[in-house]
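Input: a single structure, listed below in structure tokens.
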Amino acid sequence: QVQLVESGGGLVQAGGSLRLSCAASGRTYSNYAMGWFRQAPGKEREFVAAISWSDGRTYYADSSRGRFTISRDNAKNTVYLQMNSLKPEDTAVYYCAARRSTVVVTTSARYDYWGQGTQVTVSS
């Protein structure tokens, strides 16, 4: 059974940094793609970044490219999202997701498993 547990959210001032973690358990993920999404109040869930677990290929949304970095630690079965230069508009609940494919996609409906989310709040 796939389990994804996010951590690392919190309150930070604009310009600050946070690192989110997604601990994956229940199986091996070498043939999976992992993604980070976020959802702000009253808005739809949006893609942030994704990584192919097998070869480390990454993909970013325009809003996160250059500020956020997604990475993985195979030994720890953990995916990270390093977020720098945070802005108030980055405030949202951040979700980790897993897809049973090595192909990275940006559509949330194409991910098979989700974590419970972690709140990120950026104050101005």
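The values are calculated or read from the model by the stated rules, or taken from the named source; none is laboratory data. Computed from a predicted structure; not experimentally measured. We place every Cβ from the backbone using ideal geometry, glycine too, and count neighbours over all the protein chains shown. With ligands, DNA and RNA removed, areas are computed over all heavy atoms of the protein, side chains included. Shrake-Rupley method; radii C 1.70, N 1.55, O 1.52, S 1.80 Å.
Since only SER63, TYR29, THR118 are under comparison, the one whose Cα sits farthest along the positive direction of the charge dipole of the chain, derived from C-beta charges on Lys, Arg, Asp and Glu, is TYR29. Across the accessible surface of the range 1-98, with the other protein chains kept in place and a 1.4 Å probe, carbon and sulfur atoms take up 44 percent. Each listed q (0.12, 0.19 Å⁻¹) maps to a log10 I(q)/I(0) for the chain, found by the Debye formula over equal Cα scatterers with no solvent: -0.38, -0.96. For the pair the range 104-124 and the range 34-52, the centres of their Cα atoms are 4 angstrom apart.
Loop-located trypsin sites (Lys or Arg not before Pro) across the range 68-124 with a Cβ neighbour count of 11 or fewer within 10 Å are LYS76, with loop assigned by DSSP. Here the dipole of the chain is about 180 debye; that uses its Cα centre as origin and unit charges on the Cβ of Lys and Arg (positive) and Asp and Glu (negative).
Starting from the Cα of GLN116, move 7 Å in the Cα-to-Cβ direction to define the label point; list residues of the range 80-103 whose amide nitrogen is under 18 Å from there. What the label zone holds, given the 18 Å backbone N cut-off, is 93-98. Over the chain, accessible surface divided per residue gives 50 Å², non-protein components excluded, 1.4 Å probe.
Entry note, the chain: relative contact order of 36 percent, from Cα contacts under 8 Å with a spacing of 6+ residues. Summarising the amide proton neighbourhood of THR91: residues at separation of 5 or more, or on other chains, whose placed amide H is nearer than 5 Å comprise VAL122.
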